Structures are given as C-alpha cells and as structure tokens.
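Colleague: Take a look at this one; I'll ask things after.
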Amino acid sequence: MGLEARDRSGDPQAMPPDLSVRSLRKVYPHPAGALQVLNDLSLEMSLGEALAIMGPSGSGKSTLLYILGSLETPSGGTVEVCGQNPFALDRAGVAAFRNKTVGFVLQDHHLLPQCTSLENVLLPTLPAGGATPALVARGKQLLERVGLAERMDRLPSELSGGERQRVAIARALINAPPVVLADEPTGNLDRVSAETVGSLLLELQREQNILLIAVTHSAGLAARFPARAELLDGRLQRQ
C-alpha cells in the first residue's frame with residue numbers, strides 16, 4: 001500500500017523554484033519603535049526538498065512559517081508558492097489557495113474533541129464541498145499509513161499525544177498539498193513519540209515529493225533533515 005506521489009518528471013535544473021522568497025521583511029509596530037523580525041530574507045526550494053529551521057526564541061521562525069503559509073502578511077518583499085503570489089489574491093482566493101496548496105502541522109494538534117480521528121482528518125475537505133468517497137478512502141489510507149488503522153473511530157481524548165499528532169499529520173496531507181509547514185511538530189511530545197512523528201514526517205515527505213519546512217528547537221529533529229538553516233538577525237544562514 002502506498003499513497004501516490006505526484007509526477008515531477010523533467011529536468012529540475014530547468015524548472016523555477018516551487019517556493020521563492022525574495023527580500024522578505026516583517027516589521028511589527030511597537031511603542032518603543034518598530035520591531036523588525038525578518039530582514040531581507042531570501043529562500044528558494046523545490047518540491048521534494050526538506051528544510052529544518054532553528055533559531056533562538058523570538059527570532060521570527062514562526063512568523064516566517066505563517067507568512068509562507070499565507071496566514072500573515074509580509075511588510076515587504078515577495079513570496080511565490082508554486083508560481084502564485086498568495087498576497088495578490090482576495091480574501092476568498094487566499095483561503096482557497098491555502099486550503100489546496102499548504103498543509104500545516106503545529107505544535108498543538110488542534111483536533112476537534114467531538115470528532116473522530118477520521119472526521120478530523122477530513123475537516124480540510126469541507127471548504128471545497130466536503131469529503132467525496134475518494135477523499136474518505138484517502139483519509140483512511142493516510143491513517144493506516146501513520147499507524148492508526150485501529151484508531152480511526154477514536155476521539156482525541158482516547159488517543160495518546162503522539163497518536164493525536166499523527167492524526168494531525170494525516171489531516172495536513174488530506175488535500176494532497178505540495179507544501180507542508182510544521183511548527184515545532186514534536187515540541188509537546190516525549191522522546192519516543194517525537195522520534196516516531198519526526199520519522200513519519202520525513203518518510204511521507206519523500207513518498208509524496210512534498211516541499212517540507214519545519215521550524216524547531218529540537219537539534220535531534222533538525223539533524224534528521226537533509227538541509228538545515230538558522231534564523232539569526234532576520235536572515236536565514238544555511239548550515
């Protein structure tokens with residue numbers, strides 16, 4: 001059994017990057033003066049690549065992730081994801097773009113307590129009209145892939161922390177997004193669960209040829225990524 005990966009045939013050297021960030025700036029107003037979090041930050045990545053970003057608390061890691069996921073607006077610079085600038089879209093357009101293009105895995109799983117594992121996985125299908133039989137089948141397949149075949153009908157309260165985060169990973173992938181953004185995906189987990197979740201993220205990233213960016217304080221998780229960078233003084237420094 002395996003989830004079908006997208007066809008990315010062709011010469012990757014001839015293709016433009018699937019994520020292009022140029023001269024990105026983010027400034028927050030403050031009574032004591034403007035607080036610049038991101039400063040002339042640039043980044044290019046393609047589908048099939050995975051990057052771990054580390055940095056001290058307050059360095060702007062989550063801010064960067066939220067801008068890449070179109071949850072927050074930049075103060076300057078450009079962001080293109082799969083050839084599209086989400087910030088040029090209207091409110092409905094950016095919501096539709098985000099739903100189809102980006103999957104999120106956050107530190108807190110944010111599962112709805114009244115919904116089963118499968119129902120939680122299928123929630124992102126609602127804006128586009130709800131789960132078709134094919135999407136229900138995909139949701140079940142994803143839960144099987146993350147090791148929760150016997151937990152599909154369980155409520156979040158009946159799952160361990162690691163299991164809840166695995167449901168969140170399946171939910172992030174239900175719409176087959178080309179980009180997945182993970183914000184401290186193992187931050188609330190014990191060591192064993194963190195290793196399981198980290199392995200799953202990277203395995204699924206490779207299987208699905210996804211562009212994966214994770215921000216983390218975990219040196220152990222970051223070390224497992226093929227590429228790493230540190231966010232310092234508003235810019236990314238590749239390691």
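The values are calculated or read from the model by the stated rules, or taken from the named source; none is laboratory data. If you're wondering where the values come from, they're calculated on a predicted model, not measured in any experiment. Quick reminder, even Gly has a Cβ in these numbers, built from the backbone with ideal geometry, and neighbours come from all protein chains shown.
Colleague: Among the residues of region 81-97 satisfying the criterion of being in a loop (DSSP other than H, G, I, E, B) and in contact (Cβ under 8 Å) with a residue 12 or more places away in the chain, which is surrounded by the most Cβ atoms within 10 Å (Cβ to Cβ)?
Modeller: Within region 81-97, the match that is surrounded by the most Cβ atoms within 10 Å (Cβ to Cβ) is CYS82.
Colleague: Do the conditions hold for ALA131, that is, is it surrounded by 14 or more Cβ atoms within 10 Å (Cβ to Cβ), closer than 25 Å to ALA96 by Cβ, under 22 Å from the mean Cα position of the chain (by Cα) and at pLDDT below 95?
Modeller: It is true that ALA131 is surrounded by 14 or more Cβ atoms within 10 Å (Cβ to Cβ), closer than 25 Å to ALA96 by Cβ, under 22 Å from the mean Cα position of the chain (by Cα) and at pLDDT below 95.
Colleague: Can you tell me which residue within region 47-78, out of those that are out of contact with any Pro (no Cβ under 7 Å at 6 or more places or on another chain), in contact (Cβ under 8 Å) with a residue 60 or more places away in the chain and assigned to a strand (DSSP E or B), is surrounded by the most Cβ atoms within 10 Å (Cβ to Cβ)?
Modeller: Within region 47-78, the match that is surrounded by the most Cβ atoms within 10 Å (Cβ to Cβ) is ALA52.
Colleague: For region 122-140, indicate whether the set of residues that are in contact with a strand residue (DSSP E or B) (Cβ under 7 Å, 6 or more places away or on another chain) and either of a type in the set (D, E, K, R) or within 30 Å of PRO86 (Cβ to Cβ) (or both) is non-empty. Spell out how you get there, then give the answer.
Modeller: Of the residues in region 122-140, the ones in contact with a strand residue (DSSP E or B) (Cβ under 7 Å, 6 or more places away or on another chain) are none.
No, region 122-140 contains no residue that is in contact with a strand residue (DSSP E or B) (Cβ under 7 Å, 6 or more places away or on another chain) and either of a type in the set (D, E, K, R) or within 30 Å of PRO86 (Cβ to Cβ) (or both).
Colleague: Sticking with this structure for a sec: Restricting the search to region 139-162, which residues are of a type in the set (Asp, Glu) and either free of Cβ contacts under 8 Å to residues at least 24 places away in the same chain or buried (at least 21 other Cβ atoms within 10 Å of the Cβ) (or both)? Before you say what the answer is, go through the steps one by one.
Modeller: Taking region 139-162 and keeping what is of a type in the set (Asp, Glu), we get 144, 150, 153, 158.
Selection gives GLU150, GLU158.
Colleague: Considering each residue of region 98-138, count those that are touching a residue at least 12 places away in the same chain (Cβ under 8 Å) and assigned to a helix (DSSP H, G or I), and give that number.
Modeller: The total comes to 17.
Colleague: Sticking with this one: Taking the condition of being surrounded by 20 or more Cβ atoms within 10 Å (Cβ to Cβ) and either of a type in the set (Gly, Ala, Ser) or part of a helix (DSSP H, G or I) (or both), how many residues in region 163-191 meet it?
Modeller: Count: 12.
Colleague: Here's something else I'd like to know. THR125 - would you say it is farther than 25 Å from ASN209 by Cα and surrounded by 15 or more Cβ atoms within 10 Å (Cβ to Cβ)?
Modeller: Spelling it out, it is not the case that THR125 is farther than 25 Å from ASN209 by Cα and surrounded by 15 or more Cβ atoms within 10 Å (Cβ to Cβ).
Colleague: Sticking with this structure for a sec: Inside region 139-162, can you point out the residues that are assigned to a helix (DSSP H, G or I) and more than 19 Å from the chain's Cα centre (by Cα)?
Modeller: Of everything in region 139-162, those that are assigned to a helix (DSSP H, G or I) and more than 19 Å from the chain's Cα centre (by Cα) turn out to be LYS140, GLN141, GLU144, PRO156, SER157, GLU158.
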